[in-house]
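Here's the structure, in structure tokens; my notes come after.
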Amino acid sequence: MTAITTATVARVLSGIKTTPPAQPGNRCRWLVSLSGRLPGVLSINGTPYTVLPLDSGYRLKNHASGAEYDIDTEWGEGQWECSCPDFLYRRQWKDQLGCKHCRALRAGLAALNQAAATNANA
Ligand SMILES: [Zn+2]
């Protein structure tokens, strides 16, 4: 048995890489999966949002505040437009990833596509 000294513990701890904190907007998961034209419910950083498919994109409704935001996806990937203040004042033409709604919805849709592909291959 080797005695574990304080110095040993300190050396081990200093070698452990801490994982970086999750990017804002990445903490999303479907509470109810979006299915075709039927609305789903996406949890973004712990807040549930109803996601309603529109012809030009999606409408997100914040269950906690009742706020509604439209995400316009017509212009394609990297050019999504959200109607929230954060997007309009801080993201538009500055941040290709967009606001937390764009980020979360993009991640959510990717997860759905991945799940669909997995099911198709099964
Ligand atoms: Zn937004």
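The values are calculated or read from the model by the stated rules, or taken from the named source; none is laboratory data. All of these numbers come straight from a predicted model, not from anything done at the bench. Counting neighbours? That spans all protein chains shown, and the Cβs are built from the backbone with ideal geometry, glycine included.
For the reader, a short list of remarks on this structure follows.
- Subset of the range 98-122 that is free of Cβ contacts under 8 Å to residues at least 60 places away in the same chain and outside any helix (DSSP H, G or I) - its residue that is farthest from the ligand (Cβ to nearest atom): A122
- Check on L13, outside any loop (DSSP other than H, G, I, E, B) and at pLDDT 70 or above: no
- Scanning the range 40-82 for residues that are more than 17 Å from the chain's Cα centre (by Cα) and near the ligand (Cβ under 10 Å from one of its atoms) yields a single hit, A67.
Yes/no matrix, rows are residues, columns are (1) modelled with pLDDT under 95; (2) out of contact with any Lys or Arg (no Cβ under 7 Å at 6 or more places or on another chain); (3) under 22 Å from R27 (Cβ atoms):
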site	(1), (2), (3)
V41	no, yes, yes
I71	no, yes, yes
C84	no, yes, yes
L88	no, yes, no
Q96	yes, yes, yes
